[in-house]
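K.L.:
I'd like to ask you about the structure that follows.
The values are calculated or read from the model by the stated rules, or taken from the named source; none is laboratory data. No experiment lies behind these values; they were computed from the predicted model shown. Ideal geometry is used to build each Cβ from the backbone, glycine not excepted, and the neighbour counts take in all protein chains shown.
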There are 2 protein chains.
Amino acid sequence: MPRKITIHQIAKEVGLNASTVSLALRGDPKVREKTRDRILEAAKRMNYEPNNLARSLSNGRTRIIGVMLSDMSRFYEESLEAVFTLGEAAGFTISVRFCSWDQAREKAGLHSFVSNRIDGIIWGPTDYNTAEIAEMDALLHKFEVPTVMYGLPDDTQSLHCYQIGLDMQKSIQVGLAHLKSYGHTDIALLAATEVQGMFGRMYRRRMAMFRDAFIAEGLHLDDRRIFEVGDDNCGGLDLALKLSQMERSQWPTAIFAADDLLARELVKSFKTLGVRVPEEISVIGYDVFPWAMGGQLCSVNLNTKEIGEKAIQMLLKCINSEHPQQFDQRVEVLPQIRLGTTCGRPRSR
Amino acid sequence: MPRKITIHQIAKEVGLNASTVSLALRGDPKVREKTRDRILEAAKRMNYEPNNLARSLSNGRTRIIGVMLSDMSRFYEESLEAVFTLGEAAGFTISVRFCSWDQAREKAGLHSFVSNRIDGIIWGPTDYNTAEIAEMDALLHKFEVPTVMYGLPDDTQSLHCYQIGLDMQKSIQVGLAHLKSYGHTDIALLAATEVQGMFGRMYRRRMAMFRDAFIAEGLHLDDRRIFEVGDDNCGGLDLALKLSQMERSQWPTAIFAADDLLARELVKSFKTLGVRVPEEISVIGYDVFPWAMGGQLCSVNLNTKEIGEKAIQMLLKCINSEHPQQFDQRVEVLPQIRLGTTCGRPRSR
DNA sequence: GTGAAAGCGCTAACAC
DNA sequence: GTGTTAGCGCTTTCAC
C-alpha cells in the first residue's frame, strides 16, 4: 500500500473520476448518496488524509487563523480559549506562534503566516507604536490579510489593522471610583515593579498608569503610599507584615493591588495576622483572575474573555466579507468591577 | 499593482524565466550574482512574498514543526522555549495548537497537522494509554510523520512515537532521599488536591505518586501528615498557621510541598510567623520554578528545559534522517535537586 | 547560466 | 450526476 493516498488513487479504486471523489469528500449534494458512501468507505479503508496544501493552493484559502502572542501569559488564557471555541465552531483551525517578546521573531512569525497564506491574524503585539509594528501592519494591509490587534492600550490611529482596545487607565479609574463610592480617599498602591525583563517592564508601565489614574480621579497618591515588591505574586505577605508594625491610625483605609495574585495574598495575610478585611482595611485587586479566592476578592477584571470574543468575531466578519472596510476600526472592551467581600466603608479614624 | 506577486511576474519584470527567479530567490549558486541582485531588487520592490503552499506542495516538505499541547501551563513554558530556539535555529517554524484538555480537539488538531503536511510533531498528550492516543499514534506512524511525545510518566511500550520520559515517582523519591540524607524521617506532605477540573486531576495523580514514593523510600506517610489545600499556590499560609497552633514537638521535621509556589508561600509564611527555616523545620518544593524565591528554595526541579531540548533534538534528527528507526525510542529526563537554603538537619526533639 | 516543460494534489468551470 | 480540462505557484529535471 502506497504511503500517501490521493483522490486519484481513490478514484481508481472505486472506478470513478478524481473530481467526483473530490466532490464526494466535501459532501457536495450533486454526487449520489450511494456513490458517496462507496467513496467515503474507500477513503477510510485506504487511510486517506486530504492534502490541505493542494486544496488551499487551488481554492485560495487555508481555513487557518494565526494567532501571534508574546508569551504564554495568564493574560491571554481566557481570550485564547474564546478564540478557539468560536474560531473552530466557524470551521477554522487556530495556529499559535509565540515570539518570547522578541520583535525579530515576531516579524518572522507574521511573515510565516503570510507565506503560508493563512486567512486571518489575531495579534497581541510585543510593543506599541514602534517602527517594526507599523511596518508589519503595513505589510499585512498590503497583502490584504485581515488582522485584529488586541490588548492595545491606546488608540493607535496610524495602524490599518482592526483593534480591540483596552483602556488600562480607565479601568484603574473604575477601581478607584469603586473605592471612592465607599468613601475611601486614602488609598495605597501595592505593585510588583522590581521584576526583571519584560514582565517588569509591563508592571512598571502599569505603575505609571496608576499614577495618572489617581490624578484623573482627583486622588492624591503619596509616595509613602506606594509599596513596591519584587515579585508578582508573593509580595502581599510583606506588605501585611509591614503594616502590622505600623500604628493603625497611620494606615491607608484601602489598598489597590496591581495584580489579583498580590491582592489575594494580601487579604489572606491580613486574615492570618488578625486584621479584619474589609472592616479595618479594604482591598481591591486588578487583572484577569475571576477565580481568585473563590470569588471573594473584589477586583477590576480586565474582561479578557470578551477581548478574545470580540477579536475572533471581528476577524470572522472581515474574512467572510467582501467589504472589510465597513466595520469599525477599533472596539473598546470595558473592564468590570467584580464584587467580592474585601471592600467596604473605611474605618472611622 | 496586482495584489499577489508570483515569480512569473518578477520574471516578466526583469525579462527572465520563472525558474531562474526561483533559483535566485533560494540563493542557488548557478545563477549569476548580478542577475540575482536584479531579481532580488525587483522582488523587494514588488513586495513579493513566497507562497509556501505551492513551494511545499512541490517539494514535499513544509519546514514547519507542530506542537500539540493541552493548555498554556507553566509546565510547558521552558520546554517550549527550548523547542523554539533550537527549532528556529534549524530553519523550522514552530506552530502551536492547544486542545484545552479536550481529546476531540486534540485529535482534530493532530489531523490538521497531518493535512497541512507539517514535517514533525511534538506532542504532550492530555492523557496516557487511552484508545484515542493509541489511535492517533498509529495514524501518525502510518503517515510517517515523525512524532515525539513528551512528558510521559510511564513507559508506554505500545506506542510507535519517540518518547521523552519523565518518571515522576522517581523524581519524588529523589526529593525524599535528599531529605533523608539530612536525617529526616517524619516528613509531611503539602498538596493542592481540591482544585477543580483537569488541574485537580493532575494534582490528585501527583498525590498518588507521592504516596507510592514514600513507600518506595521506606518512609511512613501518616494520613495526619498529609495537608491538602484547595488552591495551587495559596495554601502555604494555611499550613503555617495550622502548625503554629500546634505544639512544636508534634511537628514533622520536614515538609515536602507538591508545588514550588506552595513551598514558596510556606517558607515566607513561616518566616513571617517567626518560625526559622530550616532550623526548626525544613521545606522542599517540587516542580518547574527555578526562579522561585531567588534560588533560595530547595526543590526537585523537573528539568523541563531539557525535556524540550531532547524533544526537538530527537525530532530534528528523525526529520533529517532516512532511517529514523535507528534512534532510541525513549529517552528519560532526570530531575535535579536544586539546592537552596530551606533544607537542613532536623531539630533535636 | 538560463529556459522549457512536467508535475505536486486539489478545485472549479464547464461538458456531457 | 459524472467526466474533462485547466489551472493554483512553485520546484525540479533536463535541454540548450
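K.L.:
Output the number of the condition that B:Arg97 fails; it satisfies all remaining conditions of (1) part of a helix (DSSP H, G or I); (2) more than 16 Å from DNA strand C (Cβ to nearest atom); (3) surrounded by 21 or more Cβ atoms within 10 Å (Cβ to Cβ); (4) at the interface with chain A (Cβ under 9 Å from one of its Cβ atoms).
P.N.:
Going through the list (1) part of a helix (DSSP H, G or I); (2) more than 16 Å from DNA strand C (Cβ to nearest atom); (3) surrounded by 21 or more Cβ atoms within 10 Å (Cβ to Cβ); (4) at the interface with chain A (Cβ under 9 Å from one of its Cβ atoms), B:Arg97 breaks only (1).
K.L.:
Continuing with the same structure: Looking only at the stretch A:43-57, which residues are of a type outside the set (D, E, K, R) and in a loop (DSSP other than H, G, I, E, B)? Talk me through it step by step, then tell me what you get.
P.N.:
First pass over the stretch A:43-57, keeping only residues of a type outside the set (D, E, K, R): A:43, A:46-48, A:50-54, A:56-57.
The answer is A:Met46, A:Asn47, A:Tyr48, A:Pro50, A:Asn51.
For every residue, the table says whether it meets (1) part of a loop (DSSP other than H, G, I, E, B); (2) over 16 Å from B:Glu88 (Cα atoms); (3) modelled with pLDDT under 95.
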| residue | (1), (2), (3) |
| --- | --- |
| A:Leu86 | no, yes, no |
| A:Arg117 | yes, yes, no |
| A:Pro125 | yes, yes, yes |
| A:Leu139 | no, yes, yes |
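K.L.:
If you don't mind, there's one more thing I want to ask. For residues that are crowded, with 24+ Cβ neighbours inside 10 Å and not in a loop (DSSP other than H, G, I, E, B), scanning just the stretch A:241-260, find the one that is nearest to the other protein chains (Cβ to nearest Cβ).
P.N.:
The selected residue is A:Asp260.
K.L.:
Name every residue in the stretch B:4-47 that is away from DNA strand D (no atom under 12 Å from the Cβ) and among the basic types (Lys, Arg), in order of residue number.
P.N.:
Scanning the stretch B:4-47 gives B:Arg32, B:Lys34, B:Arg36, B:Arg38, B:Lys44, B:Arg45.
K.L.:
Looking only at residues that are modelled with pLDDT under 90 and in a loop (DSSP other than H, G, I, E, B) in the stretch B:181-219, which one is surrounded by the most Cβ atoms within 10 Å (Cβ to Cβ)?
P.N.:
Across the stretch B:181-219, the extreme among qualifying residues is B:Thr193.
K.L.:
Go through (1) among the acidic types (Asp, Glu); (2) more than 16 Å from DNA strand D (Cβ to nearest atom); (3) within 11 Å of chain A (Cβ to nearest Cβ); (4) touching a Phe, Trp or Tyr at 6+ places or on another chain (Cβ under 9 Å) for B:Glu88 and report which single condition fails.
P.N.:
(4)
K.L.:
Being within 8 Å of chain A (Cβ to nearest Cβ), among the polar types (S, T, N, Q), more than 22 Å from A:Asn116 (Cα to Cα) and out of contact with any Cys (no Cβ under 7 Å at 6 or more places or on another chain) is the requirement here; does B:Ser112 meet it? Steps first, answer last, please.
P.N.:
Details: within 8 Å of chain A (Cβ to nearest Cβ): yes; among the polar types (S, T, N, Q): yes; more than 22 Å from A:Asn116 (Cα to Cα): no; out of contact with any Cys (no Cβ under 7 Å at 6 or more places or on another chain): yes.
So B:Ser112 fails the test.
K.L.:
Output the residue which, of all residues in the stretch A:87-132 that are touching a Gly at 6+ places or on another chain (Cβ under 7 Å) and not hydroxyl-bearing (Ser, Thr, Tyr), is farthest from B:Arg97 (Cα to Cα). Outline the logic, then answer.
P.N.:
Residues of the stretch A:87-132 that are touching a Gly at 6+ places or on another chain (Cβ under 7 Å), as a first pass: A:94-95, A:97, A:99, A:113, A:118, A:121, A:124.
Checking which are not hydroxyl-bearing (Ser, Thr, Tyr) leaves us with A:94, A:97, A:99, A:113, A:118, A:121, A:124.
Working: A:Ile94: 7, A:Arg97: 9, A:Cys99: 15, A:Phe113: 15, A:Ile118: 15, A:Ile121: 15, A:Gly124: 17 Å.
For the stretch A:87-132, the residue satisfying everything is A:Gly124.
K.L.:
Go through the stretch B:44-70 and report how many residues are more than 16 Å from DNA strand C (Cβ to nearest atom) and either surrounded by 21 or more Cβ atoms within 10 Å (Cβ to Cβ) or within 8 Å of chain A (Cβ to nearest Cβ) (or both).
P.N.:
Keep residues of the stretch B:44-70 that are more than 16 Å from DNA strand C (Cβ to nearest atom), which gives B:44-49, B:64-70.
If we keep only those that are either surrounded by 21 or more Cβ atoms within 10 Å (Cβ to Cβ) or within 8 Å of chain A (Cβ to nearest Cβ) (or both) as well, we get B:47, B:49, B:64-70.
Number satisfying all stated conditions: 9.
K.L.:
Do we have A:Ser22 as near DNA strand C (Cβ under 8 Å from one of its atoms) and more than 9 Å from chain B (Cβ to nearest Cβ) here? Reasoning before the result, please.
P.N.:
Working: near DNA strand C (Cβ under 8 Å from one of its atoms): yes; more than 9 Å from chain B (Cβ to nearest Cβ): yes.
Spelling it out, A:Ser22 is indeed near DNA strand C (Cβ under 8 Å from one of its atoms) and more than 9 Å from chain B (Cβ to nearest Cβ).
K.L.:
Okay, next question. Identify, from the list B:Asp37, B:Asp102, the residue that is within 12 Å of chain A (Cβ to nearest Cβ), more than 30 Å from A:Ser58 (Cβ to Cβ) and not hydrophobic (A, V, I, L, M, F, W, C). Spell out the reasoning first.
P.N.:
On the way: B:Asp37 fails: within 12 Å of chain A (Cβ to nearest Cβ).
Step by step, each of B:Asp37, B:Asp102 is checked, and only B:Asp102 is within 12 Å of chain A (Cβ to nearest Cβ), more than 30 Å from A:Ser58 (Cβ to Cβ) and not hydrophobic (A, V, I, L, M, F, W, C).
K.L.:
Mind checking which residues of the stretch B:58-79 are under 15 Å from the mean Cα position of the chain (by Cα) and assigned to a helix (DSSP H, G or I)?
P.N.:
Within the stretch B:58-79, the subset under 15 Å from the mean Cα position of the chain (by Cα) is B:66-79.
B:Arg74, B:Phe75, B:Tyr76, B:Glu77, B:Glu78, B:Ser79 - these are the residues of the stretch B:58-79 that are under 15 Å from the mean Cα position of the chain (by Cα) and assigned to a helix (DSSP H, G or I).
K.L.:
All but one of (1) within 30 Å of B:Arg55 (Cα to Cα); (2) away from chain A (no Cβ under 14 Å); (3) of a type in the set (Val, Ile, Thr) hold for B:Thr193; which doesn't?
P.N.:
(1)
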